[in-house]
Amino acid sequence: MPKRTRKTEKLDPIQNARRVVLESIETEEVTLTLEQQVMRTMGAKGGKIGGKRRLETMTPEQRSKSAKKAAKARWSKAKKA
């Protein structure tokens, strides 16, 4: 890790504001390959279908067990915090 040095001269507030704006404007343009685009759309489509299809295939006992497990996980997090 590089050592940090303290500057004796402070930047003018206007110069500092300009520097912050210029840094925030700089964005990297991300281009996805065709394969990445296809996988992204497939993943989004599967996520929308997954929960409904899972509920259709589960028995009422399995749904109840899953709901109890989820509630237990939620409440255990609340107690720790």
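Please treat every number below as a calculation from the coordinates, not as lab data. Computed from a prediction, not measured in an experiment: that's the story for all the values here. Note: ideal-geometry Cβ built from the backbone for every residue, glycine included; neighbour counts use all protein chains shown.
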Report the calculated FRET efficiency for Glu28 and Lys77 (r = Cβ-Cβ distance, R0 = 22 Å), to the nearest 0.05. 0.05
Relative to the longest principal Cα axis of the chain, at what angle does helix 34-57 sit, 0 to 90 degrees, rounded to 10? 40
Give me the lysines in straight-line cross-link reach of Lys77: C-alpha distance below 21 Å, same-chain residues under 8 apart excluded. Lys65, Lys68, Lys69
Taking N as the number of residues in the chain, the ratio of its alpha carbon radius of gyration to 2.2 N^0.38 Å works out to 2.18
Once the Cα atoms of helix 13-25 and of the chain are each reduced to a long axis, what angle between those two axes, in degrees from 0 to 90 to the nearest 10, is obtained? 40
Let's test the formula: R0 of 22 Å, r as the Cβ-Cβ distance of Ser66 and Lys45. What FRET efficiency results, to the nearest 0.05? 0.45
